[in-house]
Amino acid sequence: MKASRAIALAGTIAVGVSAGVVGTAAALAGHLGRLAVTVDRGLERPITVRRVLAGDEPRVWITGEGASARGQHSLLFDAPGATPGEGRGAAPTGHARLGPVLARNGVDVLRAVVSVDSGTLAPGCRGRMVGWWYTDPAELGYRVEPIHYDTELGPMAAWIVHPRRARKQRWAVHVHGRGASPAETFRAIEPFARAGVTSLIVSYRNDLGQPGGVNGRYGMGISESRDVDAAIAEARARGAERVTLMGWSMGGTASLVTVARGTHRAVIDGVVLESPGADWAGILRDKASEAGLPGWIATAGMALLERGAVASGEPGGIDFAALAPGRLAASLDVPTLILASPDDRFVRWQGAHAIADARPDLVELVSIPGAGHVRLWNADPELWESTVLRFVAGLPKPGWRGQ
């Protein structure tokens, strides 16, 4: 009897341990899935200002993640001692533009201070480096018209940037990435304006101050593509007959989905993608690996998102099959320029490469080594702008597809 009871007890413990392991795995998968679609307000502040050197050529010593990024970048920062965020969703109040790295001292780096547009840069300030450079589209010297455009969720803020010599009926819709601001896209204004293309820079669902999406979460570019399609409708209502899409990161995903299924896809004449989210399954597996988790946790997280067991911006769940590089590539029927870096550690460029390899007839892939995620312009603005200008200026009319 004692042996029987011991065996039974051992079995009960084994079942309990197994259930605990399964429960932990399910929790991790759910957590990973939620992170992928949860709105990120960028409250992290990994950069610390060590010392500010004033003078005719001001410089600053900084340290932390991203401090040594190649090229010119913006530093978003708070005053020394400030509580990051001051509540959910608050952004840093300071903005400084920093030039390339001038010197290094251990983990500290010295950068030129190009300008301080808001706040006071001082020792002890904490912040984060971003690729955004301009704070207002008007800084580039073009006439800017703030508007709102209608979407299925209500009006969204946008800006029309008018080139000095507009090419009749040619427009572009600029779409920023996940957790970013429309300011991310301002770097692309110049080459489009020089090509004579009128730019429509859009906010979309879940942006600060804009209507929230379903469940207040992202749809990995699928939900957001409906806002892009609505922006194309706005451009058409204002006289556009050709529209080029310019998408950054998840904005690139939304642009690709719009090409595949958008109501107004017939007027799209081309696509420019910077560091696009072109393989969401691969992105989630990378995030699991970075956290030290096995790949099957990512697969389980995707299954939860797909079934809607983890809520996302898509009420019926995320259609991962539609976001696979092969499917996205097969849907392309217009010239596409992809700008991506082999050194992008946030969204690896394998998805972009897969699309380019699958469609050499339509896709041009341009690489700028050493650049980070959505930071190719920052690493080499002259090459970036000349490449985009050449591509956009040379796009044929949509009718060339035989429609």
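Jot down the per residue volume, in cubic angstrom and as a whole number, of the convex hull over the alpha-carbon atoms of region 269-403.
Spelled out: Cα convex hull of region 269-403, divided by residues, is 124 Å³.
Simple spin-label model, 7 Å along Cα-to-Cβ: ALA27 to ALA303 in nm?
Label-label distance for ALA27 and ALA303, simple model: 2.0 nm.
Mind giving me the FRET efficiency for SER331 and ALA138? R0 is 25 Å, r the Cβ-Cβ distance, nearest 0.05 is fine.
0.10
Report, in order of residue number, the helices in the chain meeting two criteria: a C-alpha extent of 27 Å or more along the helix axis, and a mean Kyte-Doolittle hydropathy of at least 1.0; treat each whole DSSP H run as one helix.
Membrane-span-like by this criterion, though nothing is claimed about a membrane: 2-37.
Given the DSSP H assignment, sum -39500 (n - 2.57) over each helix run of at least 4 residues in the chain and divide by its residue total; what's the result at 222 nm in deg cm²/dmol, nearest 500? It would help to have the intermediate numbers written out before the result.
Details: 10 runs with 127 residues, N = 403.
It comes out at -10000 deg cm²/dmol, rounded to the nearest 500.
For region 104-109, what does the Karplus curve 6.51 cos²θ - 1.76 cosθ + 1.60, with θ = phi - 60°, yield as ³J(HN,Hα) per residue in whole Hz, taken in order and with x for Gly and Pro?
Values per residue, Gly and Pro as x: 9, 9, x, 8, 8, 10 Hz.
If the only charges are +1 at each Lys and Arg Cβ and -1 at each Asp and Glu Cβ, what is the size of the charge dipole of region 240-328 around the Cα centre, to the nearest 20 debye?
The calculation lands at about 160 debye.
Quick check on the exposure proxy: order VAL366, VAL175 from fewest to most C-beta atoms within 10 angstrom.
VAL366, VAL175
Could you pull out every residue, at least 5 positions away or on a different chain, whose amide H is within less than 5 Å of the one on LEU365? Hs are placed 1.01 Å off N in the peptide plane, and Pro or chain starts have none.
For LEU365, whose amide H was placed from the backbone, the distant partners under 5 Å are ILE338.
If all Cα-Cα distances of region 47-130 are sorted into 10 Å bins from 0 onward, what percent lands in each bin, rounded to whole numbers?
20, 57, 21, 3
Output ³J(HN,Hα) for region 60-77: one whole-Hz value per residue in order, computed from phi by the Karplus curve 6.51 cos²θ - 1.76 cosθ + 1.60 with θ = phi - 60°, and x for Gly and Pro.
With coefficients 6.51, -1.76 and 1.60, one gets 9, 8, 9, 9, x, 4, x, 4, 9, 4, 5, x, 9, 9, 9, 10, 8, 9 Hz.
Here, each number is a calculation from the coordinates, and none is a lab measurement. Source: prediction; values computed, not measured. Cβ: placed from backbone, ideal geometry, glycine included. Neighbour counts: every protein chain shown.
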